[in-house]
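Structure first, then comments.
The values are calculated or read from the model by the stated rules, or taken from the named source; none is laboratory data. Source: prediction; values computed, not measured. With ideal geometry, Cβ positions are generated from the backbone for all residues, glycine too; neighbour counts draw on all protein chains shown.
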Amino acid sequence: MRALWVNARSALVLAWYQALYPGLRLGRRVRLGSGVHISVTRGATLVLGDDVVIERSCQLISEGRLSIDSGSFVGTASIIVAAERVTIGRDALIAAYVTVRDQDHRIESGQPYHRQGLVTSAIDIGSNVWIGTKATILRGVRIGDDAVIGAHALVTSSVEAATLVGGVPAKLLKRLDQNQS
């Protein structure tokens with residue numbers, strides 16, 4: 001009975017967001033947890049593929065293009081902001097409290113930071129990527145397919161496919177053997 005209620009509530013919230021934001025495109029069987037906040041500014045797009053699950057209290061904000069491909073999972077209270085472009089591939093696993101932002105504030109002297117505007121650079125996260133709890137992905141990063149990002153990592157530069165990175169800033173810890181189980 002609880003599963004029916006959760007699915008019905010999710011469908012109602014998604015229908016409301018679709019009516020509110022013409023740039024929101026949804027695949028089949030998308031599920032939202034409670035307290036999810038979605039914002040799609042005029043002219044922006046947010047695409048959620050088939051079977052995407054967004055857990056409770058997440059924020060998905062698109063001022064540009066944000067897409068999360070089929071079968072992907074975004075954990076509790078994660079924040080994904082696309083001022084320019086953020087793409088997340090198929091079957092990505094994003095743990096709780098992850099932050100993905102494709103922008104920074106400019107930092108020039110002589111003017112308050114909040115008036116200086118933003119610097120943006122697209123983020124591409126490949127397919128079958130696992131991003132651990134409380135990791136942060138910064139602008140301009142490309143994460144290759146099958147990569148693993150350790151918990152609490154700060155990813156400031158691109159990550160090769162089939163590698164494990166961790167730390168602050170994130171560094172290569174291991175190359176992953178695709179034939180391991």
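Within segment 106-121, identify whether any single residue is of a type outside the set (Val, Ile, Thr), outside any loop (DSSP other than H, G, I, E, B) and at pLDDT 95 or above, and answer yes or no.
Our first condition is that a residue be of a type outside the set (Val, Ile, Thr); within segment 106-121, this holds for 106, 108-118, 121.
Then drop every residue that is not outside any loop (DSSP other than H, G, I, E, B), which leaves 113-115, 118.
Filter again for at pLDDT 95 or above, leaving none.
No; the residues of segment 106-121 include none that is of a type outside the set (Val, Ile, Thr), outside any loop (DSSP other than H, G, I, E, B) and at pLDDT 95 or above.
In segment 89-117, the qualifying residues are those that are in contact (Cβ under 8 Å) with a residue 40 or more places away in the chain and touching an Asp or Glu at 6+ places or on another chain (Cβ under 6 Å), and the one that is surrounded by the fewest Cβ atoms within 10 Å (Cβ to Cβ) is Arg90. Of all the criteria given as (1) assigned to a loop (DSSP other than H, G, I, E, B); (2) touching a residue at least 24 places away in the same chain (Cβ under 8 Å), the one not satisfied by Val86 is (1).
Considering only residues in segment 80-138 that are in contact with a helix residue (DSSP H, G or I) (Cβ under 9 Å, 6 or more places away or on another chain) and not hydrophobic (A, V, I, L, M, F, W, C), the one that is nearest to Glu55 (Cα to Cα) turns out to be His105. Filtering segment 25-40 to residues that are surrounded by 14 or more Cβ atoms within 10 Å (Cβ to Cβ) and in contact with a Ser or Thr (Cβ under 8 Å, 6 or more places away or on another chain) leaves Arg25, Gly27, Val30, Arg31, Leu32, Gly33, Val36, Ser39, Val40.
For the structure I just gave you, tell me whether Ser10 is outside any loop (DSSP other than H, G, I, E, B), surrounded by 18 or more Cβ atoms within 10 Å (Cβ to Cβ) and polar (S, T, N, Q). So Ser10 fits the description; yes.
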